[in-house]
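Accompanying notes for the structure given below.
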Amino acid sequence: MDPLTSLIAASIAFVGTHFAMSHPLRAGMVRVLGSGGFMIAYSLVSAATMAWMYFAFVATPAGAPLWGGYSDAVWIVASIVTLVAMVLFTGSLVGNPALPAPGAEKAALGEPGGVFRVTRHPMMWGFALWALAHLIAAPTARTIVVALAIAALALIGAHLQDRKKEVLMGDAWQQWEAKTSYWPKLQRILAVGLLPWIGGMAVWLGASWLHKGVEAGVWRWL
């Protein structure tokens, strides 16, 4: 199979299996496999399709950018977008009522703070902005395929998560929806608090330092 065709197929499989197992197939799989068995199956399928994506991506020639180029201005914009993405992602790991953790309903009934002032789906928007940054910085065919897959998984997944949480948490999630926004209010990003910025900056610096293939972030100029 042509590497790019394989990458497209792998990306569709990765996104499709996530949606299928998280929503229409979940109840039946849990009934047959049990909660533990479902998580094992979910993890194995996710790991397999992600590995397929990775190896297909590596096998696909990078090629020339389909638009724009690799100018410093482009990299500065992409780096800023990635930093915001990392701030949202790291801030979402604490006090997130969308995560399957004890106290989720209580968190949903509380007042949104930190990154939840920006959006109730900071983790998902973190992934989506990461995808956008890659579309800005490296719009090659293989990057576009992966970035669009991640963005679709994040943003459609966030919408479906709202529907699922409305059923599972009822009034608590409806109150959370009333106090928060699906669409990010990025003008509030500087008011999310110090810890998300420290965590986001650390992840951003580390990930860009480890970036394979090309120098990214501040390391491009250091």
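The values are calculated or read from the model by the stated rules, or taken from the named source; none is laboratory data. Note that the structure is predicted; figures quoted are calculated from it, not measured. Neighbour counts run over all protein chains shown; Cβ positions are idealised from the backbone, glycine included. To get the accessible areas, we keep the full protein, side chains included, count just its heavy atoms, and leave off ligands, DNA and RNA. Shrake-Rupley method; radii C 1.70, N 1.55, O 1.52, S 1.80 Å.
Overview of values
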read-out	value
Environment charge of residue 185, counting only residues whose C-beta is closer than 13 Å and scoring Lys/Arg +1, Asp/Glu -1	+4
At R0 = 30 Å, FRET efficiency that the Cβ-Cβ distance of residue 76 and residue 2 yields, to 0.05	0.30
Protection proxy ranking, peptides 139-147, 113-121, average beta carbon neighbours within 10 Å, highest first	113-121, 139-147
Whole-percent carbon and sulfur share, accessible surface of the chain, 1.4 Å	73 percent
Average Cα contact separation per residue, the stretch 50-146, under 8 Å, 6 or more apart, as relative contact order %	45 percent
Whole-Hz couplings from phi, Karplus 6.51/-1.76/1.60, listed for the stretch 128-134; x for Gly and Pro	5, 5, 4, 4, 4, 4, 6
Residues of the stretch 85-222: accessible area per residue with a 1.4 Å probe, Å²	51 Å²
Taking the stretch 74-222 and dividing mean pair separation by its residue count, relative contact order in percent (alpha carbons under 8 Å, at least six apart)	36 percent
Derived scalar couplings ³J(HN,Hα) [the stretch 148-160; Karplus, 6.51 cos²θ - 1.76 cosθ + 1.60; whole Hz; x for Gly, Pro]	5, 5, 5, 5, 5, 4, 6, 7, 5, x, 5, 5, 5
Correct choice for semi-axes √(5λ) of the Cα gyration tensor in Å that was computed from the model, options (i) 30, 25, 14; (ii) 27, 19, 17; (iii) 36, 20, 16	(i)
Förster radius 22 Å - calculated FRET efficiency between residue 30 and residue 105 (Cβ-Cβ, nearest 0.05)	0.65
Phi to ³J(HN,Hα) by Karplus 6.51 cos²θ - 1.76 cosθ + 1.60 over the stretch 99-115, Hz, x for Gly, Pro	7, x, 9, x, x, 5, 5, 5, 5, 5, 7, x, 7, x, x, x, 5
Chain lengthening between residue 205 and residue 220 when straightened (0.36 nm per residue, less Cα-Cα)	4.3 nm
Residue-averaged [θ]222 nm for the chain, counting only DSSP H segments that reach four residues, each worth -39500 (n - 2.57)	-23000 deg cm²/dmol
Theoretical gain in end-to-end length, residue 171 to residue 187 [0.36 nm per residue, Cα-Cα removed]	2.9 nm
